Amino acid sequence: MPVKEKLPQSHFEDNLAVFASLLREEGLPVGTTEMVDALSALSRIDLSSRDQFKTSLQATMVKNRRDQALFNRLFDSFFLPPEELKKQSERGARYKKELESKMDQASREMQFKGEMLGLSQDELQQYGSLPSEQRDRLQDFVAKTEAGVNVEPQFKPLLENVVKSHLRYCRSQEKRSREETVSRGTGSGTGGEGAEGSDGLTDYLREIDIEQIQAAELPAAEQLLQRLSRKLAVQILRRRRSGPRSGPLDLRRSLRDNMRYGGIIFKLKHKPKRRSKQQLLLLCDVSGSMKKYSTFVIHFLLGLQEVVRNLSCFSFSDSVENLTPELKGRSGLKPLLDRVIRRSKNWGGGTNLAKALDQLSEKYPDYLNAKTTLIVVSDTKTVSIDQSVKRLGAIRDKVKRIIWLNPMPLEQWSDYRSVASIGELVDMWPCSTIAQLEEVLTGRL
């Protein structure tokens, strides 16, 4: 019995359906009727003729003359000529080979103590796409961290978080650059020289170290912080509203309410949806090295009061002070900062984290529960580091999570034992710029 030769699988109908969906996305009314007409027309022509194929599709899918240019553009980009398809295939093969080479190189370079860092394929690809100067800086940071004093293998997760954060930041910068290029290309940025100068100042303030922002630049920086906090507030509201409007199915109520129908369930009853009562507790280090950073973080989170109503704020250096009454009083930023700066006993002093955490646990235990997200703003420079780590571990067991914002330059992290010790207990993120502050808090509240 002769063996039938297996014919190659055809994706003609699938490709035609994808092309029809592209037309629909661009606003052309292509439905089932147009698809049937197109298939009928194609069955009567020579499919090897590109002109006949294009004419048949155009005759059945395009309804008016103004859509012809759009159809032509999509057809030429989707149904490529054989020679162009071959070129694309060759370019794709070269790109795949180059990408594999970059991934292998990234795997070799991103190592700590002889082990690969736990980076995903996307993160390795992002690293490989960085300019050589940026890759060299990141390699230098990893090498200096590895060669640091008292740096143990347990430091690896903290280093991974830092590298991943930097790669996310680079990706966001690339995305922002592309969006700005598109915006300029479409003529949306027609604000003149003043608007361009304003955008340049905004970019400058986002990227510069907060400590280097001058007094004359503070009003613009404050406006930037207000915009970012409003943006984050909108994102939080959208996530809440996009969730299910009702709770889980209440089977008992459903059966009881449908007894009138002889036990046949026509109407479902749901349990009331439980609102998440997330509680944010902000703990700001206002010692001498942290004054400016903490002021900016307080300013940023102040704009979230409308969406995060359980927002509490404390300052500390060698003791802890409750700023929540001023925060809840909605008196605005200036009275709050006046309370922090002029009438605070902690402002500009030394740091004793262990003592501050003891006071927080003893005087305000209700703030530390399973619904609390504790946000600590500090460079980890404190006396009694071992006691501080012990107190922090006890608090970590009480709260939902701890996010630590560290404004210390990344290249200095490996020089301080406090960073490694505290980093083993919390999610620690660099936070020396407004852009990093936005990146860390977006999606984590």
Exercise. For the range 35-52, name all the residues that are in contact with a helix residue (DSSP H, G or I) (Cβ under 7 Å, 6 or more places away or on another chain) and assigned to a helix (DSSP H, G or I).
Key: Met35, Asp37, Ala38, Ala41, Leu42
Quiz item: If you take the residues of the range 268-289 that are part of a loop (DSSP other than H, G, I, E, B) and at pLDDT 75 or above, which of them is nearest to Cys313 (Cα to Cα)?
Solution: Val286
Quiz item: In the range 93-138, which residue that is in a helix (DSSP H, G or I) and small (Gly, Ala, Ser) is surrounded by the fewest Cβ atoms within 10 Å (Cβ to Cβ)?
Solution: Ser132
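Please go through the range 180-239 and pick out each residue that is of a type in the set (Ser, Thr, Tyr), in contact with a helix residue (DSSP H, G or I) (Cβ under 9 Å, 6 or more places away or on another chain) and modelled with pLDDT under 70.
Just the residues of the range 180-239 that are of a type in the set (Ser, Thr, Tyr), to begin with: 181, 183, 186, 188, 190, 198, 202, 204, 229.
Right, trim to in contact with a helix residue (DSSP H, G or I) (Cβ under 9 Å, 6 or more places away or on another chain) and you get 188, 198, 202, 204, 229.
Within the range 180-239, Ser188, Ser198 qualify.
Give the residues of the range 422-445 that are assigned to a helix (DSSP H, G or I), of a type outside the set (D, E, K, R) and modelled with pLDDT under 90, sorted by residue number.
Listed by number, the residues that qualify are Gly423, Ile434, Ala435, Gln436, Leu437, Val440, Leu441.
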Self-check item: Where a residue in the range 13-42 is of a type in the set (S, T, N, Q) and its partner, wherever it lies, is outside any helix (DSSP H, G or I) and crowded, with 17+ Cβ neighbours inside 10 Å, with Cβ under 9 Å and at least six apart
Solution: Ser21/Val30
Practice problem: Could you run through the range 358-380 and say how many residues are farther than 25 Å from Phe300 by Cβ and not in a helix (DSSP H, G or I)? | Solution: 1
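Rundown of residues vs (1) at pLDDT 90 or above; (2) of a type outside the set (Phe, Trp, Tyr); (3) over 16 Å from Ser287 (Cα atoms); (4) within 30 Å of the chain's Cα centre (by Cα), yes/no style:
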position	(1), (2), (3), (4)
Gly332	no, yes, yes, yes
Asn346	no, yes, no, no
Lys363	yes, yes, yes, no
Leu374	yes, yes, yes, yes
Lys390	yes, yes, yes, no
Pro407	no, yes, no, yes
Quiz item: Tally time: how many residues in the range 109-125 are over 16 Å from Pro157 (Cβ atoms) and either in contact (Cβ under 8 Å) with a residue 60 or more places away in the chain or touching a Ser or Thr at 6+ places or on another chain (Cβ under 9 Å) (or both)?
Solution: 1
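The values are calculated or read from the model by the stated rules, or taken from the named source; none is laboratory data. Since this is a predicted model, take the numbers as computed values, not measurements. Note that each Cβ is placed from the backbone with ideal geometry, even for glycine, and that neighbours are counted across all protein chains shown.
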